[in-house]
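Working notes for the structure below.
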Amino acid sequence: MRPPIFFIPLFFILSGALSACSGADAVNLFVSEEGYSVTKDIAYGELPRQKLDMYLPEKIDANTPLIVFFYGGAWQGGKKADYLFVAQGLTSLGYAVAVPDYRTYPEVKYPAFIEDSAQAVTWVYEHAKTYKLNRDNLHLMGHSAGAYNAMMLALNQKYLEKAGGKSEWIKGVIGLAGPYNFLPLRDRAYQEIFSTEPDLIKTQPIHYARRNAPRILLLTGRQDNVVAPRNSYYLYGVLQELGNDVTYKEYDGVGHVNLALELSKTLSNKSEMRSDIQDFIAKGMKKPTRPALAPAAKPSR
């Protein structure tokens, strides 16, 4: 089927939007306002950037998955309103979605953005019943820097504990093109962002790989020239070696921005990645069993 006439120009607009937080309004103009409700600017903390938007599908029951989605932006920007297309895409699958803002550089440095993310997750868990949601179905999802935030919460238990939460709350984690093992820091901005930690290995999610981690789905695009697929593949290998329930998948012909676009029902209604996410979440809702872990193909980069 031929794609909608607006697909190609919007793709290029959004390519800039996800990296520079501009132009997302254009793609969101085509996002349906039906099938979900939204409550905006809910404070999960006392600071201006500590707010989230809560999206609910039309039908909610005890099995409705609850997702906290963290957007990317190289820890230097972003705003939750730009990710309406993600929230609508996920609610169309029957999921409730919280999209938090969090503080970024230069306002803060590492690990403040992780601490904000932990506060947001704790708030969502503690207030799930307000929205008639089962908090035992809590999942974390993130793209790029947002996937880093989500993975740090899942693997380094101290952040949720400091925020009054527990890593055991997390039913599963879905990381899209996350930087999990990206030393050395060659970019001046990243050097500044992580300058608060003398031992840089401690800033890397792979450093905190552990046994009994939550279920994890690592997704990446083979043509990603922003965050190399090896970030996900190496983390997959370490977590698998430790006996965790972890899956790695690499999509051919997909780059860094495309991976986020795959979440959108508007731009990618029939998406292999959306189906993979559905399967991952559905399996996690069943009685927990230890599945056989299939080997993943080594990434090209």
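Bear in mind these aren't lab numbers, they're just calculated from the coordinates by the rules spelled out. These numbers come from a predicted model, not from an experiment. Cβ: placed from backbone, ideal geometry, glycine included. Neighbour counts: every protein chain shown.
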With charges set only on the Cβ (+1 for Lys and Arg, -1 for Asp and Glu), what does the dipole of region 7-285 come to about its Cα centre, in debye to the nearest 20? 360 debye
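Treat the chain as a sphere of radius equal to its Kirkwood radius over Cα pairs and apply Stokes-Einstein at 20 °C in a medium of 1.002 mPa s; give the translational diffusion coefficient in µm²/s, rounded to a whole number.
Roughly 112 µm²/s, to the nearest whole number.
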Which of these, 122, 104, 196, has the largest mean-square fluctuation under a Gaussian network model of the chain (Cα springs below 10 Å)? 196
Cut-off under 16 Å on the C-alpha distance; same-chain residues fewer than 8 positions from residue 40 excluded. Which lysines are left, in chain and number order? 51, 79, 80
Would you kindly give the portion of the calculated P(r) for region 134-209 that falls above 20 Å, as a percent of all Cα pairs? 34 percent
Cα shape, region 31-173, gyration tensor, a/c 1.5 rule: oblate
Relative contact order (percent, whole number), region 7-285, Cα cutoff 8 Å, 6+ residue spacing: 17 percent
At a 10 Å Cβ-Cβ cut-off, how would you order 49, 215, 222, 186, fewest neighbours first? 186, 222, 49, 215
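Sum -39500 (n - 2.57) across every DSSP H segment of at least 4 residues in the chain, then divide by the residue count to get the 222 nm mean residue ellipticity, nearest 500. Could you put the intermediate results ahead of the total?
On the way: 10 runs with 97 residues, N = 301.
After summing the helix terms and dividing by residue count, I get -9500 deg cm²/dmol.
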Under a Gaussian network model of the chain whose springs join Cα atoms within less than 10 Å, the largest fluctuation of 243, 175, 78 belongs to 243
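Averaged over all directions, how much area does the convex hull of the C-alpha atoms of region 95-163 cover when projected, in nm²?
On the way: hull surface 19.2 nm².
For region 95-163, averaging the hull's shadow over all directions gives 4.8 nm².
Filter the cross-link list 132/265; 132/166; 162/265; 166/265 down to pairs whose alpha-carbon distance in this structure exceeds 29 Å.
Cα-Cα > 29 Å for 162/265; 166/265; rest within.
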Assuming 1.567 mPa s and 4 °C, estimate D for region 43-122 with Stokes-Einstein, Rh taken as the Kirkwood radius over Cα pairs, in µm²/s. 99 µm²/s
Largest-first ellipsoid semi-axes for region 91-220, taking √(5λ) over the Cα gyration tensor eigenvalues, angstrom: 25, 15, 14
Once both labels are modelled 7 Å past Cα along the beta-carbon direction, what's the residue 226-residue 187 spacing in nm? 0.9 nm
How far apart, in nm, are two points set 7 Å out from the Cα along the Cα-to-Cβ line at residue 132 and at residue 211? 4.3 nm
